[in-house]
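Heads up, the thing below is written out as structure tokens.
The values are calculated or read from the model by the stated rules, or taken from the named source; none is laboratory data. Just so we're clear, the structure is a prediction, and the values are computed from it rather than from any experiment. Backbone-built Cβ (ideal geometry, glycine too); neighbour counts: all protein chains shown.
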Amino acid sequence: MRLIQLSRESLNFPPPEMALREPNGLLAMGGDLSPARLLNAYHRGIFPWFSPGDPILWWSPDPRAVLVPQEFHFSRSMKRFHRRSPYHVTMNRAFAEVIEGCASDRDEGTWITPEVKRAWWRLFDLGYAHSVEVWRDGELVGGLYGLALGQIFCGESMFSRSENASKTALLVFCQHFSQHGGQLIDCQVLNPHTASLGAKEIPRIEYLLALSRLADTPVSEACWQADTLFPAGPMFYTQP
């Protein structure tokens, strides 16, 4: 099957069912990373992923990796750690710094290019993208970011510079998201780390059905307010 070239003049995507089997989920190339195109893509179960220097590639893999917030795997060791956690966790306090952490803290390189960062900064400014930050003694040591689609959160990336920092970010976010009406976290493609935290694979059609049911159903407005999520109460921190 021929890979479809997107036009910059049109926001249309081919149906996800037209994605290649090998590599799994590759659907189209080209277009741009404008907010309108990105929002259109995510509402259709499509996301961009490409290496520096390559054209923009768009994906919709089958199966799809998801995490039900209430099914986060809270291991015994993580429970012990969390009871004495040295961390504070915030929401939307340092979005740009979280993306920088996700881009730079990777030995294998990154797809989070300057172009991708600018695109996500725009989505954050428009109120669609959000970050979770993990702090220790005023220093950012972990976090995650992604896109909110109603009761679905499309997780993009996470990073950790300290023990269990990314696990703490996801744990606290799952609890917060669920409390405000969140139903599903999109993890895109399963990997050992997300699988260990409770993520699982479902057929793409099942994810698309959930997307059509949940994406236009809002969570409570307080869900995305800049705030301290853990522990409860005031927090003092400095951005990097």
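Could you count how many residues in the stretch 223-237 are at pLDDT below 90 and either touching a His at 6+ places or on another chain (Cβ under 6 Å) or among the charged types (D, E, K, R) (or both)?
Quick first cut of the stretch 223-237, residues at pLDDT below 90 only: 232-237.
With either touching a His at 6+ places or on another chain (Cβ under 6 Å) or among the charged types (D, E, K, R) (or both) added as a condition, the list becomes 235.
Total meeting the criteria: 1.
Quick check on the stretch 75-86. Is at least one of its residues in contact with a helix residue (DSSP H, G or I) (Cβ under 9 Å, 6 or more places away or on another chain) and crowded, with 22+ Cβ neighbours inside 10 Å? Quick ask: steps written out before the conclusion?
First, the residues of the stretch 75-86 that are in contact with a helix residue (DSSP H, G or I) (Cβ under 9 Å, 6 or more places away or on another chain): 75, 78, 81-82, 85.
With the extra rule that they be crowded, with 22+ Cβ neighbours inside 10 Å, the set shrinks to none.
Within the stretch 75-86, not a single residue is in contact with a helix residue (DSSP H, G or I) (Cβ under 9 Å, 6 or more places away or on another chain) and crowded, with 22+ Cβ neighbours inside 10 Å.
Give the residue, chosen from Gly198, Gly182, Gly155, that is in a loop (DSSP other than H, G, I, E, B), closer than 20 Å to Asn92 by Cα and not acidic (Asp, Glu). It would help to see each step written out before you state the result.
Details: Gly198 fails: closer than 20 Å to Asn92 by Cα; Gly155 fails: in a loop (DSSP other than H, G, I, E, B).
The match here is Gly182.
If we scan the stretch 117-133, do we find a residue that is surrounded by 15 or more Cβ atoms within 10 Å (Cβ to Cβ), part of a loop (DSSP other than H, G, I, E, B) and under 18 Å from the mean Cα position of the chain (by Cα)?
Within the stretch 117-133, one or more residues are surrounded by 15 or more Cβ atoms within 10 Å (Cβ to Cβ), part of a loop (DSSP other than H, G, I, E, B) and under 18 Å from the mean Cα position of the chain (by Cα).
State the number of residues belonging to the stretch 87-116 that are touching a residue at least 60 places away in the same chain (Cβ under 8 Å), out of contact with any helix residue (DSSP H, G or I) (no Cβ under 9 Å at 6 or more places or on another chain) and either surrounded by fewer than 18 Cβ atoms within 10 Å (Cβ to Cβ) or over 26 Å from Trp224 (Cβ atoms) (or both).
Total meeting the criteria: 2.
How many of the residues in the stretch 137-152 are surrounded by fewer than 18 Cβ atoms within 10 Å (Cβ to Cβ) and in a strand (DSSP E or B)?
Residues of the stretch 137-152 that are surrounded by fewer than 18 Cβ atoms within 10 Å (Cβ to Cβ), as a first pass: 137-139.
Filter once more, so that each one left must be in a strand (DSSP E or B): 139.
Going through the stretch 137-152 one residue at a time, the tally reaches 1.
Looking at this structure, is Arg84 of a type in the set (D, E, K, R) and touching a strand residue (DSSP E or B) at 6+ places or on another chain (Cβ under 9 Å)?
Against the criterion (of a type in the set (D, E, K, R) and touching a strand residue (DSSP E or B) at 6+ places or on another chain (Cβ under 9 Å)), Arg84 does not qualify.
Quick one: is Phe153 aromatic (Phe, Trp, Tyr), modelled with pLDDT of 95 or more and within 21 Å of Arg64 (Cβ to Cβ)? Steps first, please.
Numbers: aromatic (Phe, Trp, Tyr): yes; modelled with pLDDT of 95 or more: yes; within 21 Å of Arg64 (Cβ to Cβ): yes.
Yes: the conditions hold for Phe153.
Here are the criteria: (1) of a type outside the set (D, E, K, R); (2) assigned to a strand (DSSP E or B); (3) under 15 Å from Ala94 (Cβ atoms); (4) under 17 Å from the mean Cα position of the chain (by Cα). Tell me which single one Ala169 does not satisfy.
(2)
Of all residues in the stretch 24-58, which are free of Cβ contacts under 8 Å to residues at least 60 places away in the same chain, part of a strand (DSSP E or B) and surrounded by 18 or more Cβ atoms within 10 Å (Cβ to Cβ)?
Leu26, Leu27, Ala28, Leu57, Trp58
Name the residues in the stretch 5-19 that are buried (at least 16 other Cβ atoms within 10 Å of the Cβ) and either touching a residue at least 60 places away in the same chain (Cβ under 8 Å) or in contact with a strand residue (DSSP E or B) (Cβ under 8 Å, 6 or more places away or on another chain) (or both), would you?
The first filter runs over the stretch 5-19 and keeps only residues buried (at least 16 other Cβ atoms within 10 Å of the Cβ), leaving 6, 11, 13-14, 16, 19.
Residues satisfying the conditions are Leu6, Phe13, Pro14, Pro16, Ala19.
Conditions tested, residue by residue: (1) of a type in the set (Ser, Thr, Tyr); (2) touching a residue at least 12 places away in the same chain (Cβ under 8 Å); (3) under 19 Å from Ile46 (Cβ atoms).
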site: Tyr128; (1), (2), (3): yes, yes, yes
site: Ser160; (1), (2), (3): yes, yes, no
site: Gln179; (1), (2), (3): no, no, no
site: Tyr207; (1), (2), (3): yes, yes, yes
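Please verify whether Pro48 is at negative phi and in contact with a Gly (Cβ under 8 Å, 6 or more places away or on another chain), treating the condition exactly as stated.
Values: at negative phi: yes; in contact with a Gly (Cβ under 8 Å, 6 or more places away or on another chain): no.
Answer is no for this residue.
Take the conditions within 18 Å of the chain's Cα centre (by Cα), modelled with pLDDT of 95 or more, closer than 16 Å to Tyr42 by Cβ and not hydroxyl-bearing (Ser, Thr, Tyr) and apply them to Gly143. Does it pass? Spell out how you get there, then give the answer.
Numbers: within 18 Å of the chain's Cα centre (by Cα): yes; modelled with pLDDT of 95 or more: yes; closer than 16 Å to Tyr42 by Cβ: no; not hydroxyl-bearing (Ser, Thr, Tyr): yes.
When the stated conditions are applied, Gly143 does not pass them.
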